[in-house]
Structures are given as C-alpha cells and as structure tokens.
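The values are calculated or read from the model by the stated rules, or taken from the named source; none is laboratory data. Note that the structure is a prediction, hence the values are computed from the model and not measured. Methodologically, a virtual Cβ is constructed for each residue, glycine included, from the backbone with ideal geometry; neighbour enumeration extends over all protein chains shown. SASA here: full protein model, heavy atoms, side chains in, ligands and nucleic acids out. Shrake-Rupley method; radii C 1.70, N 1.55, O 1.52, S 1.80 Å.
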Amino acid sequence: MRRSLVALVVVTGLALAACGQAEEQGSNTDPDQVDSVDAPELGVCRLLTPDDVAMPANATRTVDCAQKHTAQTYAVGPLPAALADADYEDEALGSFAYDTCSTKFERFLGADESLVMRTIVSWAWFRPSKKAWDEGARWYRCDVIGGGEQSKDYTPLPADAKGLLLGRPNDDWMVCVAGDSVNGSVKIPCSQDHDWRAVTTIKLGEPADPYPGDRLVEVKTRDYCSGSVGAWLNYPVDYDFAYTWFHEAEWQAGNRRSVCWAKTTG
C-alpha cells in the first residue's frame, strides 16, 4: 500500500477572543445596543461580517431570523465572579470564552468535538464595550457564525441553526479545500468542487495534560492520519493524505485535536 503525504499544515493563532479597537462595535449598529450594560438577547440573529467578528464588542442590529443572516446568538450569560475584577483584555476572559462557547457550541449544533472541527461554521464571542465594562457590565455572548477565521465572507445560516449537524450533516456545512495543498488554502463547503476533505480528527491529550511538544504532536498526528484516512477511503492501494496540527498556544487555550484530510473529490 502506498500512502502519499502531500501537505503538512501547521496552523497557529486559534481564535479565542475577538480583538480590535474597543470603541468600535460592529457595522450597522443599533444605538440601543451600543455600550449596553444589559446582557444581550438569546436566540437573535445578525448579519455579521468578518470585520464585525474581529472586534471585542458588537452592537450590530438584530434581524428577523427568517431573513438573511450570518450569525445567531446561542449562549448568553454573566461572567464568573472570579473575573469580576479582570482587566478588559485579560487572557483569562479568552480561556473562559473558549471553554464555555465551544462546549455550548457542540450542544447547540448537535455534534461532538471532532465533527465541529470539520465544519465551516464556527463561533465568535463578544464582551461588553469598554465603556460598559468600566460601568460594571460583566457578560459574554456566543454567536454561531457561517464561516471561519479564513473566510472573506460568511455563508447565510438557516432560520434556526440549532441541531444543524445532527445525523449526517449536509455537505453545505462540511469543510473542504480546492487546490494542490491544504496548506494556506481557503476552506470551502464540501458541496463545492474540492480536492481535499477533512475526514477525521485525533485527540492528543486530556484537558489537564501538559503540552507534549511540537515534534511529538506532529509525529503522532501524521502517523494517526495516515492510517485513519486510509480506513476512511476503504484502504485503497494508493492515496494521499494531509493533516493540520496546532501549537502550544492553542493547546493552552484548550484545543487537544488535530485534523486529518483525505485527497478526494467526493
């Protein structure tokens, strides 16, 4: 059996917290939401853009979920008491958001951790504006987004994204890549013409485990993906595979998985 490793992907900078100027609160803002101390409304929809998601606070107007939208708020709540005195840019806020939003994201979509890492949808979180923070606001908002970190534009979501990945998800929501290499390529829905599909993931450790080091993570990922992709393809004589692995910063943020890619057009 010949197995060909065509692409090695090393991805850094897992998005944990929106960053940008605190004074900016998104496009098409609602004056009633700007600098609001009150927690946002759960379940509402918005037409967010990547630029909106790049900001720590958001006051974009809500839209009827039956209309075109790219984001839906699936979790809202108060920050824990331990973060009451945290600085506005405290890294602990990002860690809390990762743990909270990612767990609720899986439940909301009806998927496990492996599946959500292989979908084009992702999540973003927002905190109060700096002004509201200084006035004592301490809440978080998690939105499901029709795209990811590399997206130039977001895909519109259904009227209600709850349960979007239950059962066998539609290829409109699964992640693929068109091109000779996975490395540096823009992720696209698998319903579009593609050359690579994210097919499995490998769990590399438990939450309390220390980072094992770049070399061990890469080798373990490569070896697992070689066999896993072969099995997914039903053990052909020849096949190509690739893998995405993450570094210590992402590990410290809570990610414990790498992604395996199969060279396939189906």
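Checking the structure you have, find out if any residue of segment 225-233 is open to solvent by 60 Å² or more (accessible area, probe 1.4 Å) and not in a helix (DSSP H, G or I). Looking through segment 225-233, none of the residues is open to solvent by 60 Å² or more (accessible area, probe 1.4 Å) and not in a helix (DSSP H, G or I). Filtering segment 1-46 to residues that are in contact with a helix residue (DSSP H, G or I) (Cβ under 8 Å, 6 or more places away or on another chain), exposed (fewer than 13 other Cβ atoms within 10 Å of the Cβ) and modelled with pLDDT of 85 or more leaves nothing. Does Asp240 satisfy being in a strand (DSSP E or B), open to solvent by 30 Å² or more (accessible area, probe 1.4 Å) and either farther than 23 Å from Cys101 by Cβ or not basic (Lys, Arg) (or both)? Taking the combined requirement at face value, the residue satisfies it. Suppose the filter is in contact with a Pro (Cβ under 9 Å, 6 or more places away or on another chain) and closer than 27 Å to Ser191 by Cα; does Gly254 pass it? No. Contact map, segment 210-231: residues that are farther than 20 Å from Val199 by Cβ paired with residues that are among the charged types (D, E, K, R), Cβ distance under 6 Å, separation 6+ or inter-chain. Pairs shown: Tyr211/Glu248.
Here Ala198 meets each of (1) open to solvent by less than 30 Å² (accessible area, probe 1.4 Å); (2) out of contact with any Cys (no Cβ under 8 Å at 6 or more places or on another chain) with one exception, condition (2).
The conditions of being among the small types (Gly, Ala, Ser), closer than 30 Å to Pro156 by Cα and at pLDDT 95 or above are not met by Ala253. The listed residues are Gly163, Gly167, Gly148, and the only one of them that is at pLDDT 95 or above, surrounded by fewer than 20 Cβ atoms within 10 Å (Cβ to Cβ) and within 17 Å of Glu113 (Cα to Cα) turns out to be Gly163.
Number of residues in segment 123-142 that are out of contact with any Leu (no Cβ under 9 Å at 6 or more places or on another chain), under 23 Å from Ser102 (Cβ atoms) and open to solvent by 20 Å² or more (accessible area, probe 1.4 Å): the value is 1. Checking each residue in segment 243-266 for being polar (S, T, N, Q) and buried (at least 16 other Cβ atoms within 10 Å of the Cβ) picks out Thr244, Asn255, Ser258, Thr264. Evaluating Pro212 against the criteria (1) assigned to a strand (DSSP E or B); (2) farther than 16 Å from Val259 by Cβ; (3) not aliphatic (A, V, I, L, M) leaves one unmet condition, (1).
Taking the options Ala92, Ala86, Ala57, name whichever one is part of a loop (DSSP other than H, G, I, E, B), closer than 25 Å to Ala208 by Cα and open to solvent by less than 50 Å² (accessible area, probe 1.4 Å). Checking each option against the conditions leaves just Ala86.
When Ser191 is tested against (1) within 15 Å of Arg118 (Cβ to Cβ); (2) modelled with pLDDT of 95 or more; (3) open to solvent by 30 Å² or more (accessible area, probe 1.4 Å), only condition (2) is not met.
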